[in-house]
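For reference, the structure discussed in these notes is given below.
What follows draws every value from the coordinates through simple rules; no lab data is involved. All of these numbers come straight from a predicted model, not from anything done at the bench. Note that each Cβ is placed from the backbone with ideal geometry, even for glycine, and that neighbours are counted across all protein chains shown.
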Amino acid sequence: MDRTQRPAASGDVVLALEDVDKSFGAVAALRGARLELRAGEAHALVGENGAGKSTLVKILAGVHAPDGGRLLLDGAPVHLDSPAAARAAGIAVIYQEPTLFPDLSVAENIYMGRQPLSGGRRIDRRALAARCRELFDRLGVHMDPDRPARGLSIADQQMVEIAKALSFDARVLVMDEPTAALSGVEVERLFAVARALRAAGAAVLFISHRFEEVFGLCDRITVMRDGRWVSTAPTAELTVDQVVRAMVGREVASLFPKQDVEAGDVVLEVRGLTRRGVFSDISFDVRAGEIVALAGLVGAGRSEVVRAVFGVDGYDAGSVRVGGRPLKKGSPAAAMAAGIALVPEDRRQQGLVMELSVERNATLTRRWKLARAGLLSTRAERATAADWARKLQVKAGKLADPVSTLSGGNQQKVVLAKWLSTEPRVLIVDEPTRGIDVGTKSEVHRLMSRLAADGLAVVMVSSELPEVLGMADRVLVMHEGRLVDDIPRARADEDSVMLAATGQGGTAVVR
Amino acid sequence: MSSFLTGRRLRGGLTGVAVAALVLTTAACGGTTRGEEESSGSGTDGAAASADPNAEIPSGLAVAFLPKQVNNPYFDVAAAGADAAVSEIEGEFTQTGPSEASASSQVSYINTLTQQGSDVILTSANDPNAICSALDQARSAGAAVVTFDSDTSPDCRDLFVNQATAEGIAQSQVDIMAEQIGGAGQVAILSATANATNQNAWIELMEQYAAEQYPEMEIVATVYGDDEDEKSFQETQGLLQTYPELEGIISPTTVGIAAAARYLSGSEYKGRVALTGLGTPNQLREYVEDGTVQAFALWNPEELGYLAAHAGAALAAGRITGQEGETFEAGELGEYTIGADGVVVLGEPTVFTADNIGEFDF
Amino acid sequence: MAVDTTPQSPVAGSAAGGGRAPRRPLTLPSGSVITTFLVLFLVVASVAVEGFASTRNAGFLLLDVVVIALIALPLTLIVVTGEIDLSVASTVGLSSAVMGKLWFAGLPLETIIPVVLVLGGVLGAVNGLLVTRLGLPSLAVTIGTLAFYRGLAFVVLGDQAVADFPRAWTTWAISGIGATGVPVVVVPLLVLVAITAVALHATPIGRSLYAMGNSEDAARFSGIDVARTKFWLFVAAGVISALGGVYWTLRYGSARADNATGLELQVVAAILLGGVSIFGGSGGLLGVLAGALLLASVRNALQLVNVPADVLNIVTGALLIVAVVAPQVTAELRRRRPRGRPAAA
Amino acid sequence: MSERTGSPVSTAAQGSPPSAPAPHLPDVAPELAAPERSGRRGSALVHRLVVVRELGILAALLLLVVVTVAVNPRFLSGQNVRDLLLSASILTVLAAGQTMVIITRNVDLSVGSVLGLSAYASGTLLVTAPDLPVVVVVLAGMAVGAACGLLNGAIVAVAKVPSLVVTLGTLYAFRGLDSLWASSTGRLQINAADLPASFKALGGARVLGVPVLFLIAVAVVLVMGYYLRTYRSGRELYGIGSAPDAARLSGIPVGRRVLTAFVVNGALAGLAGVLYAARFQTLDTTAGTGQELFVVAAAVVGGVAIFGGSGSVYGAALGALLLTTIGTALPQLGLDPFWRDAAVGALIIAAIALDRTLTLRLAARLRGRNVRGS
């Protein structure tokens, strides 16, 4: 970055949103939202899912135009009517999900539309690669600028996004849940960059569900609820409890209520499971009533293991048994018949068919069982869906509405309903509370705990250490495609899990 | 995506975009059939009725002209002839038809004409059998059906106006070629589609006739340009590669002869390799003038349409029923006699050369 | 029912949280609009177009629709899953050519028809394998087989036409039910329509088709065997197209390699006009049938008033474009509606 | 239409922490640093695959030529090669334009109809004003094509409707317009005799023995190829096709770029129409019918991904040359000409299957080097 060009002195308000409204059709996403970013500060924006954070980000990014209210840049009103305009105004955005061009090179991804030119407005490819390398050096990333983005790991993709944001010399850096897919070390690296930017006088807007990150990085915190501004205050004057109360608007029960249950018989046996290039020689057991967490860094292969167990992916070697019976590989239908349920990692892509109605989603796994003589009636689906919606307290307008109209937490409940209705013996949950609000989160945790108490074998993949430590009877730790440790609840703490996850743990022999 | 192949094939079906779709008279009545003629003798109801040669032609006869495909210059000229004849008899002339030359879309137009209550339908069939049932329905609804240019099975129309006999065409082509190459040497044929019945009948007759009359003339190959310009062009090219000794090319299809002429005129073979066939004066004028083509043949499509319309009117009036031996007046063209199987022959093809080509515009 | 816009509404909250406008289906809802339009058109045409409303014309019209509607049945299912099969008309042509060839070789139709149907299944299976096993885009695959199968048809039969099929069969193919003018074949067609409609709208299989059309991943994670389902749909499309080829051959009494050339356009047009999203996941069979009937009725009525074929083509093209543009525009207008006004949920 | 892309980049990879922190960033524990993993080999691999892809078409082309020459040595005669290049020129120009559209994850099926319309328009222009300089006619034809492209592009970009459907509609509409025009003026066919000699000379003209039409096609390909590779807007076209949502978020004016691609493609189809008129000199309303299959086939065979984002004009041009050569070679090999369509179809399938395999292998290689777990 060229730090000399920054006009705003530290502490000046760079960007402000005043009374911004935004509706989509009849749905009001923002109602009088407010935000104020100062030069040289890291500012957190928190709120439950559906509070309007992402809409606000998209307004800053020029993707959406506000219906009412004002945007002020250096005190002057500004219209960001396109992403290009936002960029020109010095606003860089790192989105929740990386938005790269898989067919283009990493360097082109970073400099798209801003490639260095030589005479005749031609792209100077050499300069492009050189600049990119320079940028990577500053970030400490080793990546070939000429390789295509296709095949990059999520973390690497996120790094490219960060490099892109850096390359703008942005005055305002917006990070919309950038850490959701990152592991601890990577998060640290990202924060280092954010701090460096802040020190150089940029304003950093940081959006996250992880309070330890919010409190670790940010100078001030703005809380939103239901599209409205609730409060803005210096971090130093706030506690996590206060923030949570402001977000939820009520008191929240304790976060991780796993009860101790006597473990029963082994239900799920995984032996020597290997998928070349992804994970190898994975063996573990899960007993009835037990919650077993699969921990590890992103990319360690946890999701891949549970996908292979469930049969969405195949595997090259090993075996899976449920209740002592071998399970056919590569067949989710067989896994379901054997009593396995998988609540997948990506709710929007894998968990739900977003365009279909709540009832269709909730009964998708039970469509054959609900059919009479091969025929399905909407009434049967609705009755089942309504039953589960009540059991799990799903808040939905109408069950016939598309599931996309639900909040993230309620969507996750629909996914759970969809799977619990199959009456599984083994419940696998992959990042069960990612991106859902605090209130629902604890509901989900309570539910898992109750299910385990009812005798279900639960496997939980989670990147949130507190969740892992709070919920799990045992923690299986993966590192680079291998199972490296099996830590019982009593011994599990942040240090032991993190050490194992980063490959530093004693090479505990698992099983 | 879809119509990807549409047009191409359509033109393939349109054997002889302009011309050629001739027909065989008696011989092969279109379509390959297996076994016995199941339908022979099943004739038409009207055919048995007796003709009244002096019947009045009612005014206001609705005469519909249904070519293989609209916007085809050849059929447009024929339509002009038919239109002229219809105004002579004070009828109402309409031209209609599909934009692509397929039998199925022709059926849809025949149905429409049936529904509209046309008195006379003049049509050139895209398929000898596929439009039969539709024509039968039209006839049972009271329409007189005259095919021209390209026939259907004889039992589903009243009359067929044949532009020329297959023998006449075959002989004139071979004679023209023989004259140019001195009656001896290698000759190739550039046809339309590989199994266009009319083309094949001509080719067979040409081979017979050449063997009898010009034993020195050797027909070395028959290739198919599918009535696509580019394909015909490439096939011409291929012929000259394969047969370096080639003396002449006969292309009894307008698309083929035009493409071959264009190829020859732009190549080293111009003037060395003779070219003749069936073509329209407008398409070949250029090549006659530059010497690529010395002579070619075709009948006059305007007269063809004119004759077909008069035949249709005579049928509708009851002057004729389509029986062999009946005669009718066709305006300026004079009197015509119906031959076997309800076929009326227009006459011998016209030969076009540098001397007379200026007189024709179609 | 109006959506509650109070803060507690999960609906209001989530759309905002998603940060994007609620996604409207790309097409008309369930084909009701097109059906209404069809009825209106039929009424207007009956009054305004001489000869349109008659049993004979109805017969002609329905005969023109039969094969299109027939092939539209499996193709609708395929489009709902987000795939496409453009090779259907070439399969019709190849089936017709093979049928002609076998008939010419002296086989009885009772033997030929099952053979041709099996052939259709094989052709569909080739598409299905290329799409599901190799993971190739069906658009590209079936453009390839569109050319390939049509080419094979010409290899089989050249430009020959085989006619001379038994009168009884060819007459049956166009005969009407009593004096109603309604073709006899409409009856078996309606049976197939009913079967397909039930399968799509009221069975577990239908549910899984919509699921995989909207999100293949989510469908797989729900235990749906996406690859196998799609494979069998392609096979079904092949078999039904072969059946269409058999009927086409009998109806016109002529087996030709170029039979039904370009028919895929009309089928796809009927499906899109009927409100099925080209991206998969939405639409219904009723709309598709209405779409097919509307296209045929419009052409029929315009032909009756002597509108030239050039104009018919322009109208067909324009209808297709309007059918996809109109819902987009309405959705856009709905989005731009000033906030606060309740919208139908 | 079938392929819905979720996350644009495969998620099945693994990540390990970046290494070697830059001085001004806080230190990461050195033992956490991973060695370089992607390596320069990534780009080399990609480069090799692209080259392999185009070399593959070239090899197929050579094989075909060698076999044909073995059967018929005159296949490589000057006249025949000239004819072949001439035949390929029009398809090449169309394929170059189509590539630009396909790269943006769109398709233009109306090109055959646009070609017909433009050919008829330029023919009519020449009939009514025979003294017009050829350049003016070329520009007029391109303008007609560009107008068609503008309509296509506007509907696609503004109404956000799938281009497949839109151009399917305009395929019919433009053709209808063409024949409506012809039938309303009564000039159903324009023949060689109607065209001025200066224009007809263009069709057969040669420079150093090479047909001018082919040189025009080569020029189009080179300019287009250079543009797509070297200019920002060209790269943005790839970006749009590679990940449309990302393109929008990156501030790429997606609508405008797509519109431009359609207009340029339309203009090139218009140019192809003029070339068609110059070459065939007999114009009716069916000119160019069915070309869309061959154009899309040429691009796909040439390695342009049907769902956008990758491929080059050079590949598409090679594809056009290969398809044309097949058309010319089959009759000379003595093969039943009916096999041609079947061969084209088989080739399309082979090409996409090959591409798929190469892409999978590439992805596996790029990912494989990341994993040290096994």
Rounded to 10°, Cα long-axis angle of helix A:125-139 versus longest principal axis of chain A: 70 degrees
Sort C:S254, A:S331 by Cβ crowding within 10 Å, fewest neighbours at the top. A:S331, C:S254
Once amide H atoms are built 1.01 Å from N in the peptide plane, which residues 5 or more positions from B:F296, or in another chain, come under 5 Å H to H? B:F352
If you rank B:I181, B:I338 by fewest surrounding Cβ atoms within 10 Å, what's the result? B:I181, B:I338
Across region C:140-156, in residue order, what do the Karplus-derived ³J(HN,Hα) couplings come to in whole Hz, using 6.51 cos²θ - 1.76 cosθ + 1.60 with θ = phi - 60° and x for Gly and Pro? 5, 4, 7, 5, x, 6, 3, 6, 5, 5, 5, x, 4, 4, 6, 5, 5
Mean separation of Cα contacts under 8 Å (at least 6 apart) over the residue count of chain B, i.e. the relative contact order in percent, is 23 percent
Need the list of lysines near C:K101 for cross-linking: C-alpha distance under 27 angstrom, and skip anything on the same chain fewer than eight residues off. B:K68, B:K231
In terms of the Cα gyration tensor, with a ≥ b ≥ c the square roots of its eigenvalues, is region A:104-151 rounded because a/c is under 1.5, prolate because a/b exceeds b/c, or oblate? oblate
If R0 = 45 Å, then A:K391 and C:I177, at their Cβ-Cβ distance, give a FRET efficiency to the nearest 0.05 of 0.25
In whole Hz, with x marking every Gly and Pro, tabulate ³J(HN,Hα) for region A:390-400 from phi via Karplus 6.51 cos²θ - 1.76 cosθ + 1.60, θ = phi - 60°. 6, 4, 9, 6, 6, 9, 9, x, 9, 5, 8
Enumerate the residues in region C:290-324 having an amide nitrogen under 15 Å from the point lying 7 Å beyond the Cα of C:L42 toward its Cβ. C:290-301
What are the ³J(HN,Hα) values, in whole Hz, obtained from phi via the Karplus relation 6.51 cos²θ - 1.76 cosθ + 1.60 with θ = phi - 60°, for each residue of region D:195-203 in sequence order, with x given for Gly and Pro? 8, x, 4, 4, 6, 5, 4, 4, x
Percentage relative contact order, chain C, counting C-alpha pairs under 8 Å, at least six apart: 34 percent
Counting only other residues whose beta carbon sits under 14 Å from that of D:I240, what net charge do I get with K and R as +1, D and E as -1? +3
Residues of region C:225-265 with the amide nitrogen closer than 17 Å to a label point 7 Å from the Cα of C:I195, along Cα-to-Cβ, please. C:232-247
Measuring from label point to label point, each 7 Å out along Cα→Cβ, what is the D:L61 to B:E56 span in nm? 7.4 nm
Within the under-10-Å Cβ sphere about A:A33, not counting A:A33, Lys/Arg +1 and Asp/Glu -1 give a net charge of +2
Residue-count net charge about A:P326 - beta-carbon cut-off 11 Å; Lys, Arg +1, Asp, Glu -1: +4
Report, in degrees rounded to the nearest 10, the 0 to 90 angle that the Cα long axis of helix A:184-199 makes with the longest principal axis of chain A. 20 degrees
Taking a ≥ b ≥ c as the square roots of the eigenvalues of the Cα gyration tensor, with a/c under 1.5 meaning rounded and otherwise prolate when a/b exceeds b/c and oblate if not, region D:42-360 is oblate
Given A:K398/C:K230; A:K418/C:K230; A:K164/C:K230; A:K58/A:K413, which pairs have Cα atoms separated by over 29 Å? A:K398/C:K230; A:K164/C:K230
Cα-based helix-to-principal-axis angle, A:154-167 vs chain A, degrees rounded to 10: 10 degrees
Peptide-level mean, for A:81-88, of C-beta atoms on other protein chains within 10 Å: 3
With r defined as the distance between the Cβ atoms of A:A373 and C:V187 and R0 fixed at 25 Å, what FRET efficiency is calculated, to the nearest 0.05? 0.55
Once label points are set 7 Å from the Cα along Cα→Cβ at both A:E494 and A:D74, what is their separation, rounded to one decimal in nm? 4.1 nm
Could you pull out every residue, at least 5 positions away or on a different chain, whose amide H is within less than 5 Å of the one on B:A274? Hs are placed 1.01 Å off N in the peptide plane, and Pro or chain starts have none. B:G248, B:I249
Please list, ordered by chain and number, the residues whose modelled amide H lies under 5 Å from the amide H of A:L342; skip anything fewer than 5 residues away on the same chain. A:I428
Given contacts defined as C-alpha pairs under 8 Å and at least six residues apart, what's the relative contact order of region A:266-501, whole-number percent? 29 percent
Using a basic spin-label model with each label point 7 Å from the Cα along Cα→Cβ, how many nm lie between A:R450 and A:A337? 3.2 nm
Quick one: grab the alpha carbon gyration tensor of chain C, order the square roots of its eigenvalues as a ≥ b ≥ c, and give me rounded if a/c is under 1.5, else prolate or oblate depending on whether a/b is larger than b/c. oblate
